[in-house]
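> Below: one structure in structure tokens.
The values are calculated or read from the model by the stated rules, or taken from the named source; none is laboratory data. Computed from a prediction, not measured in an experiment: that's the story for all the values here. Reconstructed Cβ throughout: ideal geometry from the backbone, glycine too, with neighbour counts over all protein chains shown. The area values use the complete protein model at the heavy-atom level, side chains included, leaving out ligands, DNA and RNA. Shrake-Rupley method; radii C 1.70, N 1.55, O 1.52, S 1.80 Å.
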Amino acid sequence: MFPIKPHLWFAQDKAREAAEFYASLLPGSSLNYVSHFDMPGGGQCETVEFTVAGQPFLGISAGPGLTVSPAISFMINFDPSRDPDAARHIDEVWNKLLSGGKVMMPLDRYPFSERYGWLSDKYGISWQLILTNPAGEERPVIVPSLLYTGDVAGKASEAIDFYCSVFKDGKRGTTAPRTEDIGPDKAGTLMYADFYINGSWLAAMDSAHPHGFGFNDAVSLLVVCDTQEEVDYYWSALTAGGESGQCGWLKDKYGVSWQVASTLMFEALKNGSPEQVARVTQTFMTMKKVDVAALQQAYNG
């Protein structure tokens, strides 16, 4: 089982630069590999794999990039029970991320945390920084967070149940529903909840406020599969009520973008010769649902 890997789409030639920046923020972070391949219509695609505080990410630069939506952000937990200097470190990381970015919620004291802030960095990626001391089961430092707004406002809890049914290890964690109507947000909708799927913790929230953004392909969730059977299962389950796309991309019924990929693709990008990478990526570009045997044949030549 491979953890859920967020996939970030950066503007032209920014993937490596961004990955190096993120790898400098926190302990347990690194730039793992950089790969390039030619696009069918011309131009080159750059892919990077990097880790932030133990959470793996994949980044891509191809063409002008996509407008990143704050509907998927990344919560960074600064836990004083694990880091005695957490209060200082949250300010340090906030200042690094804010350079060239913009504040969405100021770093300040809130009813739910002594210190919390939400921002978009200079690459457009959204981060929520929170000083926390969670009781019970420990959470990782980085938790991808999904905001259900617009047409799917109020459906976060339903979506969590769906994801937990798709992934065999799925389980709910903390759940904090609203106890009364607060503005456009109705009682029972989620202020915050987290859940565990495919060896990864994710969070979800509802907001009925008119934010003007929703889920899009600029940030997607990557499910890496060893076998065709796994690819078939996750492709079928996650496209139910949603829509299929090209190259293993899909949207689920809530509009969240996913990619169902093969380990073979990443083996080629990491370790393949230029000829192997070219054959595999050219074959991959013709697919909707991934065909593992066809990728293997291309890799073998």
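> Two-decimal Rg/Rh of the range 145-289 from alpha-carbon positions, Kirkwood Rh?
1.05
> Report, ordered by chain and residue number, the aspartates and glutamates lying within cross-link reach of residue 289, taken as a straight Cα distance under 19 Å and ignoring same-chain residues fewer than 8 apart.
Correct list for residue 289: 217, 226, 229, 230, 232, 243, 252, 267.
> Another one. Once neighbouring chains are kept in place and the probe is 1.4 Å, which whole percent of the accessible area of the range 1-146 is contributed by carbon and sulfur?
53
> Under the 0.36 nm per residue contour assumption, what length would be gained going from the current alpha-carbon distance of residue 44 and residue 161 to full extension?
Stretched out fully, the residue 44 to residue 161 stretch lengthens by 38.2 nm.
> Mind computing the radius of gyration and Dmax over the alpha-carbon atoms of the range 48-159? Å is fine for both.
Values for the range 48-159 (Cα only, Rg and Dmax): 15.0, 45 Å.
> Continuing with the same structure: Can you compute 3J(HN,Hα) from phi for each residue in the range 185-198, using the Karplus curve 6.51 cos²θ - 1.76 cosθ + 1.60 with θ = phi - 60°, rounded to whole Hz and x for Gly and Pro?
With the stated coefficients, the range 185-198 comes to 7, 8, 4, x, 6, 8, 6, 6, 7, 10, 8, 10, 9, 6 Hz.
> Can you give the Kirkwood hydrodynamic radius for the range 216-277, in Å, rounded to one decimal and based on Cα pairs?
For the range 216-277, inverting the mean 1/r across all distinct Cα pairs yields 12.3 Å.
> Set the Förster radius R0 to 35 Å, insert the Cβ-Cβ distance between residue 168 and residue 12 as r into 1/(1 + (r/R0)^6), and round the FRET efficiency to 0.05.
The formula returns an efficiency of 0.35 here.
> Continuing with this model, one more query. Pop out the carbon and sulfur fraction of the accessible area of the range 180-301 as a percent, whole number, probe 1.4 Å.
50
> OK, next. When the Kirkwood radius is taken over all Cα pairs of the range 149-192, what Stokes-Einstein diffusion coefficient follows at 25 °C and 0.890 mPa s, in µm²/s?
It comes out at roughly 216 µm²/s.
> State which entries of 102/288; 96/253; 5/155 exceed 25 angstrom in Cα-Cα distance in the structure shown.
102/288; 96/253
> Project the alpha carbons of the chain onto their principal axes and report the range along each, largest first, in whole Å.
59, 39, 35
> Within 10 Å, count the other beta carbons around each residue, average over each peptide in 215-222, 78-85, and list them highest first.
Packing order, densest peptide first, comes out as 215-222, 78-85.
> Which residue fluctuates the most in the chain, going by a Gaussian network model with Cα springs under 10 Å, if the choices are 211, 36, 89?
Answer for the Gaussian network model of the chain: 211.
> So what is the accessible area of the chain per residue, in Å², with the probe set to 1.4 Å?
Counting only protein heavy atoms, the per-residue value for the chain is 44 Å².
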